[in-house]
Each structure stands twice: as C-alpha cells, then as structure tokens.
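For reference, the structure is listed below as structure tokens.
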Amino acid sequence: MTATNGAALLEMRNITKTFPGVRALDGVSFDLRAGELHALVGENGAGKSTLMKVLGGVYPHGSYGGEIFVDGKPQRFGGVREAERAGIAVIFQELSLVREMTIGENIFLGREPRRFGVVRREELYSRATRLLENLRLAVDPRTPIGELGIGQQQLVEIAKALSQEARILVLDEPTAALANAEVETLFRILRDLRARGVGMIYISHKLDEVFRMSDRITVLRDGRTVGTDKTTDLDERRVIARMVGREVGDIFPQADHTRGQVVFEARDVTVEDPNVRGKLLVKRVSFRVRAGEVLGVAGLMGAGRSDLLMGVFGAHAGRTGGEVFIDGARTHITRPADAIRKGLGFVTEDRKRFGLLLDQTILNNMTLAGLSKLSGRFLTDEDAETAAGERAMVDLRIKANSVLTVAGTLSGGNQQKVVLAKWLLTNPRVLFLDEPTRGIDVGAKQEIYREINRLAREGLAIVLVSSELPEVLGLSDRVLVLHEGRVTGEFTRADATPEKVMACATGHTQERAA
Amino acid sequence: MERSAGEPETDRPVVTADVAPPGVVVEEATSAPQTRIGRFAIPTASLRAYTMLFALVLIWIFFQWATISEQHPYGLFLGAVNFSKLLQQMAVTGVLATGMLMVIVAGQIDLSVGAVAGFAGVVAATWQDYGLVPSLSAAVLVGLLIGATQGALVAYANIPAFIVTLGGLLAWRGAVLGYSEGNTIPVVLPVFKSLGRDFVAPPVGIALGVAAIAAIAWINVRRNQARRRHNLTAAGTGVTALRIILPALLVVGFVLLMNSQGGVPIPVIVLLAVAIVGAFLTERTTFGRYLYAIGGNPDAARLSGISLRKHILAAFCVMGVVAGIASLLHTARVGSATPDAGNLMELDAIAACVIGGTSLMGGRGTVFGAVVGALIMASLDNGMSLLDVESYIQNIVKGAVLVAAVGFDMLGRRRG
C-alpha cells in the first residue's frame, strides 16, 4: 500500500439518523483520505459514536439516511461483517476481546485459517507473530489476553484490524485507559500506519492529543457538523468555541439560592479502578456543599464524575480513600446504607441499571430506600407507604394510572421522577444527582429543573453531575470541573462560561482558561 | 434471559462508553410486564399465577370427567376422600416450594433441599429415643444449621448458590447414608406418626375455620381503618362484606368437605400454616420486599442501602427451617426415615415455583403461585395414578407441563 494522499478514501454524505423522538445525526458529511488522521471531536452526545456506528455497520443500511462511499463506490452495509469486508475496522472504547483466549485466537476470531474446518494453529500463530512484529509488540501470541495490560490489549485490537487489511481505522478514545508511555507507543504506531496509507478517524476528548496527531479536525455539535478544517489552521480555543457553541437558553428558571452552613464536605477523595490495580479514577478531589446550594460537577466522559459520587456514597467499598465530613464532623461511610443513614441521597445515572426495579410497582420503587423509615423495621405498613407514594406522585407530577403501575412501563421522564421520589422519601439533607435528565424529553427536563430549584430553596445541599454543559451552568451556584479524575477548575455562577468550563474539561488548568 | 424477551433489541444504540447521547435513549419502547385484559392491567407475574389457577381448574375438570365410573357416577377425583389424599400428597412439595420461592426470588437457587430434608428426617427418626420435642426440633434445627452454612458460603464467600447447593446435595445425601448406616428407621412415636397421616377431629376443624374467618374479617376492618387514617379511600361496606364473605364461604366449604371424610388432614394444616407465614414474610415485611429488590436489580438494591448478604443468608436460613418441617411431614407420612428419602424433591419444589410464575432470574414470583404450582403437580400425579397411567408417562407429562407453562408465559409476554 502506498500513500495516495489527497484522494478520498471514504466519504459519508448527508448522514441522518433518528431514534424515537430524537435526531441524533442531522445531515452530517465527513470524508477521510488515505494516509490521513482525521480527528472527530464534540461534546458528549454530539453524535460522534452514532456516526461511527453508521460507518461500522452497527446500524445497517436502511436505518439511517444518506450515503457512504469507499473509494468512490457507494456502500450499503447490512452489518458489521460487510463493513469489515470493505476495509473498515472500528475499535470501540470498550475493547471486544475474549479475555480467556490467546492473542492469536482473538486476532483471528471467526476468521481462523482452517482446512476442512480444522483450525491450523501453526499458520494462525505465525501470522499473528508477524502482525505483532509489525506493531513492535514483543509478546508471544499464545499469551491469554487477560494477562495483558489495557495498552497492549488495545494494540491487539489494532493488530486484529490490520489482519483484516483494514484501510479505514476508527479509534474511539484510544488513550482513555492508557498510561503515558503506552500513549507514546500507540502514537508511534499510528504514525507508521499513516505512512502506510491507512486512513484513521480519531475520536478524543483530549485536545492536546488531537492537535498533536491529527491532519484535520471535524467538530460535531448536536448531530450536525460545525466545521472541518486543517489542524494547522485551528487552535484549541476555536475548537472549544465550536464544541460548546450553543447559548444557555432561558429554559433554566433563574433561582438565587440563599446558602446556609456547609453541610457536606469531602476531602482528598480517591477511587481506584476496579480492573487495574493502582490506577486511580478519582485523584484527591475535595469539595464542599452548603445547605441550599447547587454544586455542579462538569467534565467529559471518563473524567471520574460518577466514580467520585459513587465512592463518597460508599458504593465503591474497598477502593475509595479520603475523608467525609457532615456538619463539620468526620463521618465514616463504608456502605450505601451508612450514607443513607447520614442523610445522603443519590439519584444514580443509568436509572435502569442502578435505579429501578423495572418489574415492580412505582410504589415499591419509591419506598425502597426509605422503607424502614416509612414502615416499621420489620413489618411494612402498606397504607403509610401508599399515602407517601401518592403524595410524591402529585408533588413530582408523575404521570401514571396509580402507584401500582409497573415502573418498567413508564416513560423515561416519569421513571426518573420515580427514582427522585425514592430518594426524597429518605428525607435526605444532601442529594447527589448524576445525569438526572439523561434520555428524557424536554418537558420532563424542565420539571426536573424546577424540582432541583425547589429542593435547593428548601435547604437541601445538591451535587449535580451532568454532561450537558448548559444544564450545569444554568442550575449551579458553583461549578467544579474534573478532567481525568482531577479538579482542573472551580467557578462561581458568575464566572462560569461554557468556554472556560470546556477548556478545563479538556485538560487546561483554570489559570490558562481564564 | 427472560427479561430481554419483551424488549425490542433492534435499532437500539449499543451502549459503549461515549454513547448514550443525551436524548437518544429517550422514550424507548419499555418492556411491559403488564397484560391488559379489558380495562384491567394486571402485572404479568400475578397473571401467570391466575392463568395457572385456571389451568388447575381445567385439569380438575378433566380428571373428574375421566374418573366417572359406575361406582362413581359424578367422578372420583374431586370426591372428599381423593381430594383429601391429593392435598396430603402435595403438602411436602408445597411446603418446600414456599421456602424455595424466597430463595429464587432473591435470585438464588437451592438444589440441596431434598438431601437436607432426607438428612433431617433421619436425624429426627434417630432422635426419637430422646422424646418427641427433641426429635422434632432436631429436624428443624438441622435444617436451619445447614441453611445458615450454605447461605453464608453464598452470601459471604461469594460462591454461586448453584455450586454451594449442588455440593450440598451430594454431601447431605452422603450424610444420610452415613448417619443411618443404610438402614430404614421406623417412626414409633405416635404424635410424630400422626403428623403425616392423621386428621384433626371435625370440631377442631370447625374451630380453626371459625378462627380463620374471624381473622379475615378482622384484617379487612383494620385495613379500612388504617386507610382512613392515612386519608386514602377505604373500601365501602359492600365491597368489604364481599371481601369477607367470599373467602369465608371457601373456608366453610373446605372444612365441611374435609370433615365429611374424617377431618382436615394435619399435613394440610401444616402446609397452610407455612404458606400463610411465607406469604406474610414476602408481602408484608421489609425482609420480603428486599428479597424482591435483590433478585430484581441487585445494583439498585445495594445503592438503596439494602444489605444483600444479610438478606440472602436469611433466605437460606428460612429455606433450611422449611426443609426441616418438610422432612417431618415426609418421614411421618412414609412411616419411616429411609436413606433415599427426599430424592429429587428439590426439583419438584423448583418446578412448582416456576409453574406458579416465579422467574428463575429472580425478582418475580408469589407464594400463592408456588402453592398453586405444587397443587398442579400433585393433581397430575394423583389423577394419572387414578387412571392407571404408567409412571414413566407420568414423568413425561409432568416435564412437558413444566416447559409448556414457561413457554406460554414467554409467548404471552412477547405479544404484550
């Protein structure tokens, strides 16, 4: 393969993809040349991953609008296999390797060299050895994947892509899990590949890496292309401006909260990665919240925002460090039950996974966390529960036939309100909200915003994590910005502009951003 | 994966870390574990129990029709004598199923209950020398200790319940053989023996029935008072009266039918007691509520401050006690403790739960359903025996019914 720089290797024209109720991609066009590294950046939810799933055949032809051309020929991928055959390999952030199998077996999974259906192990391993040598990865291909570090696993994924003779390689946050030395190795390999004419699409939140590596940068925002330019024609400030772009509309009911005493304080919180010993997801983060205050926590995916809250709440037992003070007194929280007893509530992200019992009634969901307060310690008091549940239905305007409706049948917005009600029924003094409006419609969002303001007015201390910058800026009295597990900025409501916050979220310190 | 059955898998964003664009997951078609019949939306879990109740009635009608003969022009199956026998036959399975239900609802399984019941039975039979109370309580205590040990291994040592109790099945089977030295030990204490085969005197049956009716009435009245206290709408006088009179009629009919052939069998009373306690535990206590939460969504349960370990351990302890009680009923009924007693009972108990609408994934099922499931299995056994169906066919039929019950349920859910 020789670098035929300039010719369009890939062209995606006018791609549109809708999910029920949402237009995730709205006429996006994107092209890639051979021997080019084209960076794709944008806020969480801008549509980057959706676009790559269209390209990789995860969303088959017919489920999206627009056209895809490879080498000028129109393509209609019915599935991942067909995209692979056209030379497209997507390496997702979560690696798709089988831990129990060897490197070689993983590289050729489903495409094993065989004769009469019998796998030819010698050929498999000799080909694997050559691929690994190409990547300057000095490991035996008979090593089980589980014994490799994340960085090496990533390289195995690349080897797998190369074994399919991929000419278009998509890397989704490839450095998210890598140590610095591993990042350098990866970059060297990417440069090699570029020299060999492979076109690469590079998705990353880390703008310094993007500027170091890319030839061109495309910014996506709200499912649209904001612009594609040569990297040398851009600087970080302009990219950030394109990423945030949107006005903080007046959808946020302004509310000036009168703040009281510091109710909750966390000092030097650390949370260790459950899979990689010694790797910290949260690095010595400290914060405090006053009664009646909303503290916003901003940051990009993987910044450690959820892990911070989970750790403080006692949900990451055994791998959390740091100190917690409630009303100024040192408090030990080793399990969620401790946290709840001390007056903490936690509306977790991903309500289906962490929040709801989908098979059960609204009522059983609402009373789960506060059951022993509502009822006796052993006997449940169905009537006291029903009364409390029906009050919460009215207060939070949950739309359902009755409290006995099964939670799984509700709309996202109403499900979220049920989770909120669950925590309000524990009478918390401090409420953590992690992505409280993800995946719910605009109307329900408004109602949740109003509720957050009401709770703050009533004196609750609120910590709000959200990926939607306007939401954080619109609701918070103060904003804390995390990047890779570290606090990179703290702003008052007046100081916080989208540009400054995004600059900190992409790794700049506050001084440079200001 | 029962849960995913109702959810359309197509065109849903595969969640990798960067995805979940806010808004994209919006209002996706949610699984709907509810079924609409007319204008009533019934949770599917209870629906299966009611469907099975309906199936039970059909089975009864069939056997009643099939057992019509010259001596029994109206059929033999539901006659007082056979019906009483049928209920006695289901007692052991019904008792075990009640305990098994709690374990399964918590997302666990117990494969050892048959072996545990066998072992507890041998211990009880051996301990008859020390007197009645030590003998009976020994069986229950053995069950409790084994349940606690196995539960601790599951909850605290994080060994999967399937493995722990499969090991238990083998080990306790071995213990039965060792402890009994392969001998059959007869039950000699008269009270012990009567536990499995005697009836309470008809007046006692009537007294129990009256007590049951009084309890039903009292519960309804209290319920209404409590609802008014919380400013909820309470049932009107008419509805309340119906809620008392209908169950009361069932109780009266049951007691009269049983008394017409000697009285209510003691094993049936034990079963009813265990089932009522089980229903109370699962539906009216925080313990029960937490079991459903743990089985339905362990992450959500943990984050809601529920101790998974404590409650899983407790579920296994309850199961152990229940296995002890079942061992007494079985030993008494057979008249002796045999080395192979309790063989395959765990599978009957699990099948009863599943037929009655329990999800093996955890989080769903009722004691009522499990008892109905046990009743269906016993009815098939009893009816086919009356018709002289060969035992190998009986097994095939029971197996087919188990698979069909779950199959219909899955079909119904896919449509819904």
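Just checking: which of the helices (runs of 4 or more DSSP H) contained wholly in segment B:226-315 hold 3 or more residues that are out of contact with any strand residue (DSSP E or B) (no Cβ under 6 Å at 6 or more places or on another chain) and more than 10 Å from every other protein chain (Cβ to nearest Cβ)?
Details: elements: B:237-259, B:266-284, B:286-296, B:298-303.
The qualifying helices (runs of 4 or more DSSP H) are B:237-259, B:266-284.
The set of residues in segment A:121-141 being surrounded by 14 or more Cβ atoms within 10 Å (Cβ to Cβ) and assigned to a loop (DSSP other than H, G, I, E, B) consists of A:Leu135, A:Leu137, A:Val139, A:Pro141. Checked against (1) surrounded by 15 or more Cβ atoms within 10 Å (Cβ to Cβ); (2) within 27 Å of A:Ala176 (Cβ to Cβ); (3) out of contact with any Pro (no Cβ under 7 Å at 6 or more places or on another chain); (4) at pLDDT below 85, A:Ser96 passes all but a single condition, namely (1). Could you list, in sequence order, all residues of segment A:389-410 that are surrounded by fewer than 21 Cβ atoms within 10 Å (Cβ to Cβ), within 11 Å of chain B (Cβ to nearest Cβ) and in a loop (DSSP other than H, G, I, E, B)? Within segment A:389-410, A:Ala400, A:Asn401, A:Ser402, A:Leu404 meet the criteria. For B:Leu169, the test of being assigned to a helix (DSSP H, G or I) and loosely packed, with under 14 Cβ neighbours inside 10 Å is failed. The conditions of being small (Gly, Ala, Ser) and surrounded by 16 or more Cβ atoms within 10 Å (Cβ to Cβ) are not met by A:Ala181. Here A:Val324 meets each of (1) surrounded by 24 or more Cβ atoms within 10 Å (Cβ to Cβ); (2) in contact (Cβ under 8 Å) with a residue 60 or more places away in the chain; (3) more than 25 Å from the chain's Cα centre (by Cα) with one exception, condition (1).
Listed here are the residues, each with its yes/no results for (1) surrounded by 16 or more Cβ atoms within 10 Å (Cβ to Cβ); (2) away from chain B (no Cβ under 14 Å); (3) in contact with a strand residue (DSSP E or B) (Cβ under 7 Å, 6 or more places away or on another chain).
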{"position": "A:Arg13", "(1), (2), (3)": "no, yes, yes"}
{"position": "A:Gly27", "(1), (2), (3)": "no, yes, yes"}
{"position": "A:Glu36", "(1), (2), (3)": "yes, yes, yes"}
{"position": "A:Lys48", "(1), (2), (3)": "yes, no, yes"}
{"position": "A:Lys53", "(1), (2), (3)": "yes, no, no"}
{"position": "A:Gly57", "(1), (2), (3)": "yes, no, no"}
{"position": "A:Ser63", "(1), (2), (3)": "no, no, no"}
{"position": "A:Ile88", "(1), (2), (3)": "yes, yes, yes"}
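Could you please let me know if A:Leu475 is buried (at least 24 other Cβ atoms within 10 Å of the Cβ), within 21 Å of A:Asn365 (Cα to Cα), in the same structural domain as A:Ala339 (by TED's automatic domain parsing) and of a type outside the set (Gly, Ala, Ser)? Give the steps one after another, and end with the answer.
On the way: buried (at least 24 other Cβ atoms within 10 Å of the Cβ): yes; within 21 Å of A:Asn365 (Cα to Cα): no; in the same structural domain as A:Ala339 (by TED's automatic domain parsing): yes; of a type outside the set (Gly, Ala, Ser): yes.
Judged against the criteria, A:Leu475 is not a match.
Quick check on my filter: what residues within segment B:288-338 are closer than 24 Å to B:Val268 by Cβ and among the β-branched types (Val, Ile, Thr)? Matches in segment B:288-338: B:Val318, B:Val321, B:Val322, B:Ile325, B:Thr331, B:Val334, B:Thr338. Scanning segment A:356-365 turns up no residue that is surrounded by fewer than 18 Cβ atoms within 10 Å (Cβ to Cβ), assigned to a loop (DSSP other than H, G, I, E, B) and not assigned by TED's automatic domain parsing to the domain that holds A:Leu475.
Considering only segment A:367-396, state which residues are modelled with pLDDT under 90 and among the charged types (D, E, K, R). If the condition is that a residue be modelled with pLDDT under 90 and among the charged types (D, E, K, R), then A:Lys373, A:Arg377, A:Asp381, A:Glu382, A:Asp383 are the ones that fit. Would a scan of segment B:75-86 turn up a residue that is touching a Gly at 6+ places or on another chain (Cβ under 9 Å), crowded, with 24+ Cβ neighbours inside 10 Å and aliphatic (A, V, I, L, M)? No, segment B:75-86 contains no residue that is touching a Gly at 6+ places or on another chain (Cβ under 9 Å), crowded, with 24+ Cβ neighbours inside 10 Å and aliphatic (A, V, I, L, M).
The values are calculated or read from the model by the stated rules, or taken from the named source; none is laboratory data. On a predicted model such as this, the values are computed, not experimentally measured, just so you know. All Cβ positions, glycine included, derive from the backbone under ideal geometry; neighbour counts span all protein chains shown.
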